[in-house]
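Participant: Sharing a structure with you now.
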Amino acid sequence: MRTSLAITLALLFSHSLLAAESEGISFDHKDWEMVCDNAHTCRAAGYGVEENAISVLLTREAGAGKNVSAAVVFSDFDDETATTESVTMSIDSGAKLALKQGEDGQWILTPKQTSSLITALIQSKPVVFYQGTKAQEISSSGVNAVLLKMDEFQGRLGTSGALMKKGSKSESGVPPAPVLPKIVAASIFPDSKEKPFPQDKLDALWPALSQTLLNEDSCFMSGETENARKESLRVIALDEKHSLITGACWMAAYNYGSAYWLIDSELKTAPTLIGTDFTYYGNGALLSSQKGRGIGDCWSQDEWTWDGREFQKSQSYTTGACKGIRAGGTWKLYDWVTHVVKP
């Protein structure tokens, strides 16, 4: 039987240090987590002392002289969320410092505010954000371990730019960001829609397709008959020479996956299976978007871009821990990024 999606998602959100295929890392400790992508940009997310209330994101690119940026969001699951257009930060019961409003409900800290925030968290001083009459404190539990891991991964330990374990060494020896993989996206039919599979082509192709659709290790659709599987098949014109075949593959409590095959535009050659966990195709990209739990406050998303020969993985991220902060996920914690050149 196919390994359950719950196990897969548990791995995605696991609380351990993982060496990613992208040569990035993920790490978490107590109330803080971090993901560094293959460009060695690191994003560390911290959460509130009160559950399901607030989160702060610290972002730092690889290379010498790169400063940390910071943003904060309040939970939007609370019906009593303040509608005020101002947010302030207070450190150790000090003055309230106004934050700048950003996009998507984020509030942005200035470089000076960011430096003060990091210092306070490292020293376990209380940091409270105010939104109208609401006050939410950011937890410092776990931040030191996460920032130390960030410095280690980016090669900053012992340098003047380290967040933890600063030293006298110059940052001139800090490794620069690796060159991003380049994907040259191919021209596609931009408005192509799914169409029913031509029945006159099905008999010849069904043996290859059924190896996936009727295999419980690949697809599990309880109660689906062979005829129902055949009727679910659709064709999408990809470009002048290629098409996609797709069919429903599996469904879990709150996630699903479809199988996609690559085939010639005339549907004559043997189809090549691309994968069975996709949720959407559009504009030359295949997406797999899966919830970490039913309320949809944490997600993973992977994207593959068509280059004229194959679909190459172009980005991958999770949205942070399942903390009930925001519907659709709190942040985009990338572990894989590329430079996609549009046609």
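We did not get these values from a lab; they are worked out from the coordinates using the rules stated. Every value quoted in this text rests on a predicted model; they were computed, and no experiment measured them. Glycine gets a Cβ as well: all are built from the backbone with ideal geometry, and neighbour counts include every protein chain shown.
Participant: Express in % the proportion of alpha carbon pairs of the range 96-201 at distances exceeding 21 Å.
Facilitator: Working: 3434 of 5565 pairs.
So the portion of pairs separated by more than 21 Å is 62 percent.
Participant: Further question on the same structure: Roughly how big is the chain's charge dipole about its Cα centre, with Cβ charges of +1 (Lys, Arg) and -1 (Asp, Glu), in debye to the nearest 20?
Facilitator: Its charge dipole is roughly 1020 debye.
Participant: Sticking with this structure for a sec: Take the residue pairs K241/K268; K96/K125; K182/K241; K201/K230; K66/K149; K100/K125 and return only those whose Cα atoms are more than 19 Å apart.
Facilitator: K182/K241; K100/K125
Participant: List the GluC sites (Glu not before Pro) in the range 26-124 that DSSP assigns to loop (not H, G, I, E or B) and whose Cβ has at most 11 other Cβ atoms within 10 Å. Which are they?
Facilitator: E51, E80, E85, E103
Participant: What does the charge count around N283 come to, taking other residues whose C-beta lies under 13 Å from its C-beta (Lys +1, Arg +1, Asp -1, Glu -1)? List each step's numbers first, then the result.
Facilitator: Working: positive: K193, K342; negative: D191, D239, E303.
Charge balance in the 13 Å sphere: -1.
Participant: Rounded, prolate or oblate: which one fits the range 246-343, using the alpha carbon gyration tensor with axes a ≥ b ≥ c (rounded when a/c is under 1.5, else prolate when a/b beats b/c, else oblate)?
Facilitator: Oblate.
Participant: Does the range 25-154 classify as rounded, prolate or oblate by the C-alpha gyration tensor (a ≥ b ≥ c root eigenvalues; a/c under 1.5 gives rounded; else a/b over b/c gives prolate, otherwise oblate)?
Facilitator: Since a/c reaches 1.5 and a/b is larger than b/c, the shape of the range 25-154 is classed as prolate.
Participant: What three numbers, in Å, describe the spread of the alpha carbons of the chain along their principal axes, ordered from the longest?
Facilitator: 75, 48, 36
Participant: To the nearest 10 degrees, how steeply does helix 199-213 sit against the main Cα axis of the chain, on a 0 to 90 scale?
Facilitator: Between helix and principal axis, roughly 50 degrees.
Participant: Using only Cα atoms, what Kirkwood radius does the range 182-341 have, in angstroms?
Facilitator: On the way: mean 1/r = 0.0596 Å⁻¹.
16.8 Å is the Kirkwood radius here.
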